[in-house]
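Read through the structure below, which is laid out as structure tokens, and then see the notes.
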Amino acid sequence: MENITKDYVFLDGVWLKQEKLLEMASQAGSMVVAEHYLCAYLTNALLNGNREAIKNLNAIRKVYHLEAIPYTEEENCDSPKDDTDDQARKKYQKMPVEERNELMRASLQQLRLFHQDLFPTQNHWCGIFLVERDRLDAGIKKKDYAERVRKMTPSDWPEDLTIGDSTLSNFSHYVLNTDRNKAYYTMKKNPWGELCKTFWEIVKEKILTSNLRKNVSSTNNLTNNQKAYE
């Protein structure tokens with residue numbers, strides 16, 4: 001199984017060779033569709049410590065005329081790295097509130113569309129909370145989170161999965177005492193571990209490509225306007 005997880009990626013109930021998954025991503029027709037394959041690919045790379053995956057990701061981004069995600073090839077443990085997690089956090093913190101809400105709304109829609117099995121109960125909002133708190137905004141509080149979620153929940157979100165005022169009060173029932181003050185990715189046992197990992201990859205990809213998409217859209221609009229006058 002160890003060799004399988006290194007060479008193959010689990011997607012929608014099927015094990016696919018990494019090369020096949022990347023081929024599917026490059027032939028998807030748009031980055032929006034390709035993201036489904038890339039999230040699975042990057043999750044597998046994260047679990048196996050595969051730093052080379054960023055090169056393959058950038059190769060796919062090039063297919064869709066997107067700028068490469070910057071990274072360093074040096075392995076210097078003595079100096080801090082401004083990795084993609086930090087880049088995403090910095091970009092998020094510069095976003096206005098409504099843009100943040102739209103980002104999370106789109107990320108939840110993608111999660112629901114492609115990873116429905118990872119969010120089977122109301123209590124899984126705890127996992128979404130952990131991703132926001134530990135990756136994006138340490139100032140978020142559990143007592144205020146239900147109000148925040150209502151501003152970013154997709155309109156077609158299932159009613160039985162809608163957050164309640166007391167949903168996050170169940171947090172301590174599921175998390176070990178020794179894990180309650182830890183970031184989700186350092187917990188000994190995270191009840192929403194797979195949800196957190198997958199959702200963060202979705203959110204991070206959307207943050208890092210948000211400005212690029214705007215630029216592409218602006219360029220297309222400009223081109224269309226120019227053609228209209230020709």
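Taking θ as phi - 60° and the Karplus parameters 6.51, -1.76 and 1.60, the scalar couplings of region 21-34 work out to 5, 5, 5, 5, 5, 6, 9, 5, x, 7, 5, 4, 6, 4 Hz in sequence order, x denoting glycine and proline.
Here the calculated FRET efficiency for Arg51 and Asp86, from their Cβ-Cβ distance with R0 = 25 Å, stands at 0.95, rounded to the nearest 0.05. Annotation: the residues Val33, Val97, Val149, sorted from fewest to most other C-beta atoms within 10 Å of their own C-beta, follow the order Val97, Val33, Val149.
Once backbone amide H atoms are built at 1.01 Å from N, Leu11 has Leu16 as its partners under 5 Å, excluding neighbours fewer than 5 places away on the same chain. Past the 23 Å Cα-Cα mark, which pairs from Lys17/Lys90; Lys94/Lys141; Lys151/Lys182; Lys17/Lys189; Lys143/Lys206? Violating the 23 Å Cα-Cα cut-off are Lys17/Lys90; Lys151/Lys182; Lys17/Lys189; Lys143/Lys206.
By other beta-carbon atoms within 10 Å, ranking Lys182, Lys204, Lys197 with the fewest at the front produces Lys182, Lys197, Lys204.
You can think of it this way: the chain between Lys62 and Asn177 has 36.9 nm of extra reach, that is 0.36 nm per residue less the Cα-Cα gap. Here is the list for region 104-165: trypsin sites (Lys or Arg not before Pro) lying in DSSP coil, each with at most 12 other C-beta atoms within 10 angstrom of its C-beta, are Lys141. For region 114-128, backbone nitrogen atoms closer than 13 Å to the point 7 Å from Lys151 Cα along Cα-to-C-beta are found at no residue. Between Glu19 and Asp7, the distance separating the two model label sites (each 7 Å from Cα on the Cα→Cβ line) works out to 1.1 nm.
Label-to-label distance for Lys188 and Asp160 is 3.5 nm, based on points extended 7 Å past Cα in the beta-carbon direction.
Just so you know, all these numbers are worked out from the coordinates, no wet-lab data involved. All figures in this text were calculated on a predicted structure; none of them were measured in a lab. Note that we place each Cβ from the backbone using ideal geometry, even for glycine, and neighbour counts take in every protein chain shown.
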